[in-house]
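To keep things clear, I will list the structure first and then write my remarks on it.
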Amino acid sequence: MSWIAGVDGCKAGWIAAVLDLASEALPTLHVIASIADLFALKPAFAVVAIDMPIGLPDRIEGSGRSPEQSVRALLGQRQSSVFSIPARAAVEAPDYAQACRLALATSQPPRKVSKQGFHLFPRMREIDTLLRTEAGLRDRVFEVHPELAFATMNGAPLAHPKKIKGTINPTGMAQRRTLLIAAGIPAATLQAQPPRGAGADDMLDALAALVVARHIQAGRGRPFPEPPGRDSHGLPIAIWTYWPDRPPPQDPAMTDRPVPRPMIEAAAQRIAGHARVTPVMRLGVGAFGSQADISLKLECLQHAGSFKTRGAFNNLLSLDVPAAGVAAASGGNHGAAVAYAARARGVKARIFVPEISPAAKIEAIRRFGAEVVIGGAQYDDAQAACDAYVAETGALKIHPFAARETIAGQGTLGHEWQGQELDLDTVLVAVGGGGLISGIAAWFAGTKVKVVGVEPAGSRALQAALEAKGPVDVKVASVAADSLGARNVGPLVYEVCKDSVDHVVLVPDTAISDAQVTLWRDFRLAVEPGGAAALGALLCGAYQPASGERLGVLVCGANVDLGKLATLTG
């Protein structure tokens, strides 16, 4: 299939920009009365990119569906052009008053429907009916937003709108034509008059959607959120753009980094009030026999005992949760965090754990109300069991590190830490699968703060990936394997860390145990092995700070087996 299309609504129905990628013909423009007419025109479209919401959740948390919340930060002053789409019941309402009542009942905070949004509902229902009826189209029809497409082409939000108070703005139109030409749309197409029933701005929007369709077909599509959610009928919920061929200009809203700062800032706003602000303990110069100026970030005091609560809440507040609820594979801490966040959101959770998970962590997961399933001997076995369950039920999988929502959630720790300690030189961060250090490194990227990873000598997935210039499998054997025991960090973590983590140091298990003892003896902090690993690097000399260096050490997990800790501490 070589045909693609970009589609936008217009006065007469829809305007479609259609292109055959297998020929050298120019794009053609068509006004059609219904989306079904488009597939009558060319039934075998490979990709159709359409400026209209697809996928309608049963409830709305925050300001619209997760795609609208995800892309607003990328549009600068044009954020208002992304409407807050209500829940399915409101979209299916026959009149405006009932739509408002249903929207209020199915949103938190309660939100009515705008008149402008209500006028879109018939077109939304048209697409919804088509995709629910023709399941084969669900993987070929993609929701796009023209302003997001133009911002991607430009490398930054556009300064000039297409219209000002309903009147065409020549400056904004000219800027968009220039971007479309640079993106490969022939000048002859842009110089043509739009078909009858469509405006010039409609034509540009359809051509912008065509640009996105071409990138999706080439494998460069980029969904917000990633991965896309699914509504209760299985329809995808995401707004698509693409990864540019060249890195865009460094702009606070558009960046080539996999997890940019604006994404972390948005996550911090989203989880505020759900995750704790954890304290910093200033120890000063000379602590632990070092000449560095040392402080401890006590993330071990976080809800559910670890930083993973941040990523869990960011997932649940960013993505649409289906009726089947959420699922996760975990050595313990991630599962406890997902269970805690799911209980707080009133969501069903099933957690798959390996046989090596400590009883204390399994008990915590159950205490927070989730169903626990023993999914095999090792973490990878539990992940495979989780994946099979998700495929069977349609539950939302919350990955402990290989997801941007998770990394952005963990990045809020870096955001918070910087606000508490303005003059840090270096932070020491324990590494398991890499979601935590990815988030913290993504936040500090481009600043003077050096991010140093700490891995057990017997579990060095990130160090191995950095040495090999890509993710590789490693053997795992460590006292901290239940939380720092990933065999492979995966491509997303590697892409974030390869340019933003200064280096990784390795610590023996004895240093980790010594750090646990020190934290209990000197501060009465009961910390699990993985949570003490970063301090272990300082105590054993694996990391040697310079004199006067402002060093922040992350203490990040408190789900410890108290019996084992008592044995260690005597």
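At-a-glance table
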item: Matching residues in the stretch 25-48 - criterion: being under 18 Å from Glu134 (Cβ atoms) and assigned to a strand (DSSP E or B); result: Ile32, Phe45, Ala46, Val47, Val48
item: Residue identified as part of a strand (DSSP E or B) and of a type outside the set (Phe, Trp, Tyr) among Ala16, Ala22; result: Ala16
item: Selection within the stretch 414-443 - within 24 Å of the chain's Cα centre (by Cα) and either surrounded by fewer than 22 Cβ atoms within 10 Å (Cβ to Cβ) or not assigned by TED's automatic domain parsing to the domain that holds Gln291 (or both); result: His415, Glu416, Gln418, Gly419
item: Helices (runs of 4 or more DSSP H) enclosed by the stretch 496-570 - at least 2 residues per element that are within 33 Å of the chain's Cα centre (by Cα) and either farther than 17 Å from Val479 by Cα or not small (Gly, Ala, Ser) (or both); result: 509-523, 529-539
item: Subset of the stretch 133-157 (residues that are β-branched (Val, Ile, Thr) and either within 16 Å of Ala73 (Cβ to Cβ) or crowded, with 20+ Cβ neighbours inside 10 Å (or both)); result: Val141, Val144, Thr152
item: Those residues of the stretch 310-347 which are over 17 Å from Arg366 (Cβ atoms), in contact with a helix residue (DSSP H, G or I) (Cβ under 6 Å, 6 or more places away or on another chain) and not aliphatic (A, V, I, L, M), in sequence order; result: Arg310, Gly311, Phe313, Asn314, Asn315, Ser318, Asp320, Arg345
item: Pairs with Cβ under 9 Å, 6+ apart, first in the stretch 224-239 and within 13 Å of Glu68 (Cβ to Cβ), second assigned to a strand (DSSP E or B) and charged (D, E, K, R); result: Ile237/Glu143; Ile237/Arg230; Ala238/Glu143; Ala238/Glu226; Ile239/Glu143
item: Considering residues of the stretch 37-70 that are out of contact with any Ser or Thr (no Cβ under 7 Å at 6 or more places or on another chain) and of a type in the set (D, E, K, R) only, the residue surrounded by the fewest Cβ atoms within 10 Å (Cβ to Cβ); result: Asp37
item: Single residue of the stretch 122-131 satisfying the filter (under 20 Å from Ala5 (Cβ atoms) and of a type outside the set (A, V, I, L, M)) that is surrounded by the most Cβ atoms within 10 Å (Cβ to Cβ); result: Asp128
item: Top-ranked residue in the stretch 103-118 [being under 19 Å from Arg345 (Cα atoms) and in a loop (DSSP other than H, G, I, E, B); ranked as modelled with the highest pLDDT]; result: Thr106
item: The stretch 119-138, residues that are assigned to a helix (DSSP H, G or I), touching a residue at least 12 places away in the same chain (Cβ under 8 Å) and under 21 Å from Ala33 (Cβ atoms); result: Phe121, Arg123, Met124, Arg125, Glu126, Ile127, Asp128, Leu130, Leu131, Arg132, Leu137
item: Check on Asp202, under 18 Å from the mean Cα position of the chain (by Cα), at pLDDT 90 or above and either more than 30 Å from Pro57 (Cα to Cα) or surrounded by 18 or more Cβ atoms within 10 Å (Cβ to Cβ) (or both); result: no
item: Selection from the stretch 271-301 of residues that are closer than 19 Å to Ile407 by Cβ and free of Cβ contacts under 8 Å to residues at least 40 places away in the same chain; result: Ala272
item: Residue in the stretch 88-95 that is more than 29 Å from the chain's Cα centre (by Cα), more than 30 Å from Leu317 (Cβ to Cβ) and not in a helix (DSSP H, G or I) present; result: yes
item: Filter pass, Arg196 being surrounded by fewer than 18 Cβ atoms within 10 Å (Cβ to Cβ), under 25 Å from Ala33 (Cα atoms) and touching a residue at least 40 places away in the same chain (Cβ under 8 Å); result: yes
item: Scan of the stretch 156-190 for residues that are among the β-branched types (Val, Ile, Thr), touching a residue at least 12 places away in the same chain (Cβ under 8 Å) and assigned to a helix (DSSP H, G or I), ordered by number; result: Thr189
item: Residue in the stretch 97-116 that is of a type outside the set (Val, Ile, Thr), closer than 30 Å to Ala40 by Cβ and crowded, with 19+ Cβ neighbours inside 10 Å present; result: no
item: Near pairs, Cβ below 7 angstrom, 6+ apart or cross-chain, from the stretch 472-501 (within 26 Å of Ile264 (Cβ to Cβ)) to any residue that is surrounded by 23 or more Cβ atoms within 10 Å (Cβ to Cβ) and of a type in the set (Asp, Glu); result: Ser483/Glu528; Leu484/Glu455
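The values are calculated or read from the model by the stated rules, or taken from the named source; none is laboratory data. The structure displayed is predicted, hence computed values, not measured ones. Here the Cβ is made from the backbone with ideal geometry for all residues, glycine too, and neighbour counts use every protein chain on show.
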